[in-house]
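These notes are about the structure you will find just below.
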Amino acid sequence: AQSVTQPDIHITVSEGASLELRCNYSYGATPYLFWYVQSPGQGLQLLLKYFSGDTLVQGIKGFEAEFKRSQSSFNLRKPSVHWSDAAEYFCAVGGRNTGFQKLVFGTGTRLLVSP
Amino acid sequence: DAMVIQNPRYQVTQFGKPVTLSCSQTLNHNVMYWYQQKSSQAPKLLFHYYDKDFNNEADTPDNFQSRRPNTSFCFLDIRSPGLGDAAMYLCATRRDGTETQYFGPGTRLLVL
């Protein structure tokens, strides 16, 4: 069965520092991978997605993620964090196994940004 | 702008009193989803509609029902809310043949 692991429940980063959020997935076929961000009390906003091709994908708000098949990982990165990036980040996997019908989410990583 | 809209954003109901949450979309997507998200947890899929075809998740309680009267609207009905049903309820849409789901802002339900 497909699953997503986000090993870090909380991460604190100083403003201006770089960020990496980890995501590992288990999927029996070609995965379709997503990162969503959720600000407090808000819905989920799509940051970026990977389906195929270049394994380094660019998203909105200066985020990028790299797909590494050998490590079953899809880590999210940002070179310089802004205070407005404080939010909860969810990695999700979907794909042909589910007929594109269902996303499986990780448990999320809460990002705190210190001054 | 095309979007997914959820109303109300906050809903307070009493224990056992039926409540309906609303989702509408201007994206003209044929697939619509309802998720339940409890505090500090991942969204959990309750059910989805593929056009008019309703697909229930195996572990969704019978207390949760849904209606989709047309492409644009989808409703979540909780027949007898319990304290454990307090959560954020997220609606999402997707166009068939694509992979990305687009989420609304959510409705936060409080059960007193």
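The table that follows gives values for the structure above.
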quantity: Number of positions in the range B:30-46 that are over 15 Å from the mean Cα position of the chain (by Cα) and either within 9 Å of chain A (Cβ to nearest Cβ) or open to solvent by less than 20 Å² (accessible area, probe 1.4 Å) (or both); calculated: 2
quantity: A:GLU64 vs. criteria more than 22 Å from B:LYS38 (Cβ to Cβ), in contact with a Pro (Cβ under 9 Å, 6 or more places away or on another chain) and open to solvent by less than 60 Å² (accessible area, probe 1.4 Å); calculated: yes
quantity: Condition broken by A:TYR25, with the remaining ones in (1) more than 10 Å from chain B (Cβ to nearest Cβ); (2) out of contact with any Cys (no Cβ under 8 Å at 6 or more places or on another chain); (3) surrounded by 12 or more Cβ atoms within 10 Å (Cβ to Cβ); (4) within 24 Å of B:LYS38 (Cβ to Cβ) satisfied; calculated: (2)
quantity: Flag if A:PHE51 is within 11 Å of the chain's Cα centre (by Cα) and either aromatic (Phe, Trp, Tyr) or open to solvent by less than 60 Å² (accessible area, probe 1.4 Å) (or both); calculated: no
quantity: Selection status of B:GLY106, crowded, with 19+ Cβ neighbours inside 10 Å, within 12 Å of chain A (Cβ to nearest Cβ) and on the phi > 0 side of the Ramachandran plot; calculated: yes
quantity: Residue within the range B:11-22 that is surrounded by fewer than 17 Cβ atoms within 10 Å (Cβ to Cβ), among the basic types (Lys, Arg) and within 13 Å of chain A (Cβ to nearest Cβ) present; calculated: no
quantity: Test: B:ALA87 is touching a strand residue (DSSP E or B) at 6+ places or on another chain (Cβ under 7 Å) and either open to solvent by 10 Å² or more (accessible area, probe 1.4 Å) or away from every other protein chain (no Cβ under 12 Å) (or both); calculated: yes
quantity: Matching entry among A:GLN38, A:GLN42 (being surrounded by fewer than 20 Cβ atoms within 10 Å (Cβ to Cβ) and either within 28 Å of B:TRP34 (Cα to Cα) or in contact with a Ser or Thr (Cβ under 6 Å, 6 or more places away or on another chain) (or both)); calculated: A:GLN42
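Residue-wise test of (1) free of Cβ contacts under 8 Å to residues at least 24 places away in the same chain; (2) within 11 Å of chain B (Cβ to nearest Cβ).
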{"site": "A:VAL37", "(1), (2)": "no, yes"}
{"site": "A:GLN58", "(1), (2)": "yes, no"}
{"site": "A:ARG77", "(1), (2)": "no, no"}
{"site": "A:GLY106", "(1), (2)": "no, yes"}
{"site": "A:PRO115", "(1), (2)": "no, no"}
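Residues checked against (1) of a type in the set (Asp, Glu); (2) over 30 Å from B:ILE5 (Cβ atoms):
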{"site": "A:VAL4", "(1), (2)": "no, no"}
{"site": "A:VAL13", "(1), (2)": "no, yes"}
{"site": "A:GLY43", "(1), (2)": "no, no"}
{"site": "A:ASP54", "(1), (2)": "yes, yes"}
{"site": "A:PHE67", "(1), (2)": "no, yes"}
{"site": "A:SER73", "(1), (2)": "no, yes"}
{"site": "A:HIS82", "(1), (2)": "no, no"}
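The values are calculated or read from the model by the stated rules, or taken from the named source; none is laboratory data. This one's a predicted model, so the numbers in the text were calculated from it and none came from an experiment. All Cβ positions, glycine included, derive from the backbone under ideal geometry; neighbour counts span all protein chains shown. Only protein heavy atoms, including side chains, enter the accessible area calculation; ligands, DNA and RNA are left aside. Shrake-Rupley method; radii C 1.70, N 1.55, O 1.52, S 1.80 Å.
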